[in-house]
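The values are calculated or read from the model by the stated rules, or taken from the named source; none is laboratory data. It should be emphasised that the depicted structure is a prediction, and the values quoted were computed from it without experimental measurement. Glycine also receives a Cβ, built like all others from the backbone with ideal geometry; neighbour counts cover every protein chain displayed. SASA here: full protein model, heavy atoms, side chains in, ligands and nucleic acids out. Shrake-Rupley method; radii C 1.70, N 1.55, O 1.52, S 1.80 Å.
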Amino acid sequence: EGPSPEACARCNISGGMSLKKSLIMQSAAYARVKDTALGRSIRACVKNVMARRSPTLSGGDQPVEESRAANYESILEYNREIFELFDMVLCVSARAAAVYKEAFPFRDYYVLPITHARLKRHPPRPAYSVLEGRAFRLGYFGGKRAYKGFDVLIAAAKRLISAGYEFELHLYGDDYRGLPSEIRAISHGRIEPENTAAALRCLDAVVVPSTYKETFGFVVLEALCEGVPVICSDAVGSRDLVDPRMVFRSGDGDDLAERVARLMGGEHIEVTVPASYPLSMSDQASRLTDIYKRVQMGGEDG
């Protein structure tokens, strides 16, 4: 089903929070307890309930009330009207630009790569070798939500196990209890941003298996900055930074398993962030200034 008010409503019926839950989780009281043990427990409970209620975000064939669909139609129409007022549109990836261009082909689009203050370029890590006598360490940071591709990752893991590959699945950012016992999964839970780099340096590869189109995805950039190979789906905006041999078909667990197996087998891939990428904030500010100047001079989209 293509984009429509009904599709938006159906998606939120199955995957979104109720208004009451949204109000509670945005309240001042919840803000005070969200990082406590109680708050983390509440978040984990809510996520698990939502995951059980909706294995996907499509909403299936659930009926949609006309009034609910009308509300989403109003939101969509408002966004369309706002979009028509733009002289230029900045996108964080070529993937994002392509999606918006499809809906609004008469705007000027510019791709402005994004960054954050903790990033620095490091040389590639030594490639994994079975001669080290240990299991391959595969990392995942996306949580258990279906659109992040967690089910695809588990399907790929089972495929690799059945083929006799030895690996550890290091999971971050969620409560991963209840996984099949045959999967050697190590759950690290929620990780603070300042600890991400250290966690990445302990891995042989990172997988980003999103099934829904993502504008960018910082995990890809963060891993490559640490010299860690990345395998991602073709739905991820930051796939442009990834060696093409490590980009798999979204939703295809077999294809993902094949790419992981290549790395385990010692295939050499490019692990780098291009020198032209504006990694520092000052570089990004300069890139943004150049784009504004081009727009003022009537330059072409980029």
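Some points to look at:
- In the context of the full set of protein chains, the chain has a per residue accessible area of 56 Å² (1.4 Å probe).
- Gaussian network model of the chain, Cα within-10 Å springs - most flexible of A96, A135, A117: A117
- Taking amide H atoms as placed 1.01 Å from N in the peptide plane, the amide H of H170 lies under 5 Å from those of L138, G139, Y140, I186, each 5 or more residues away in sequence or on another chain.
- Spacing of the two label points (7 Å from each Cα toward its C-beta) at R177 and C45, in nm: 1.3 nm
- Per-residue ellipticity at 222 nm computed for the chain from its helices equals -12500 deg cm²/dmol, with DSSP H segments shorter than 4 residues left out and the rest contributing -39,500 (n - 2.57).
- The chain: most fluctuating residue of A285, A31, A94 per GNM, C-alpha cutoff 10 Å: A31
- Between amide H atoms placed 1.01 Å from N, distances below 5 Å from V208 occur with I231, C232, S233, all of them 5 or more places distant or on a separate chain.
- Interchain or long-range residues, amide H under 5 Å from I183's placed H: none
- Sparsely packed GluC sites (Glu not before Pro) within region 139-204, loop by DSSP, other Cβ within 10 Å at most 11: E182
- Probe 1.4 Å, all protein chains present, accessible-area order of M297, M246, largest first: M297, M246
- If R0 is taken as 45 Å, the Cβ-Cβ distance between F106 and H188 corresponds to a FRET efficiency of 0.45.
- Using θ = phi - 60° in the Karplus curve 6.51 cos²θ - 1.76 cosθ + 1.60, the 3J(HN,Hα) couplings for region 152-168 round to 5, 4, 5, 4, 5, 4, 5, 5, 5, 4, 5, 8, x, 7, 9, 7, 10 Hz; x is entered for Gly and Pro.
- Seen from a random direction on average, the alpha-carbon convex hull of the chain projects onto 18.1 square nanometres.
- Choice from K213, K34, K120 with maximal GNM fluctuation in the chain (Cα, 10 Å cutoff): K34
- Straightening the chain between T215 and A28 buys 64.3 nm, computed as 0.36 nm per residue apart minus the Cα-Cα spacing.
- Heavy-atom accessible surface of the chain: percent carbon and sulfur, 1.4 Å: 55 percent
- Rounded Å value of the spacing that divides the Cα centres of region 178-247 and region 107-172: 4 Å
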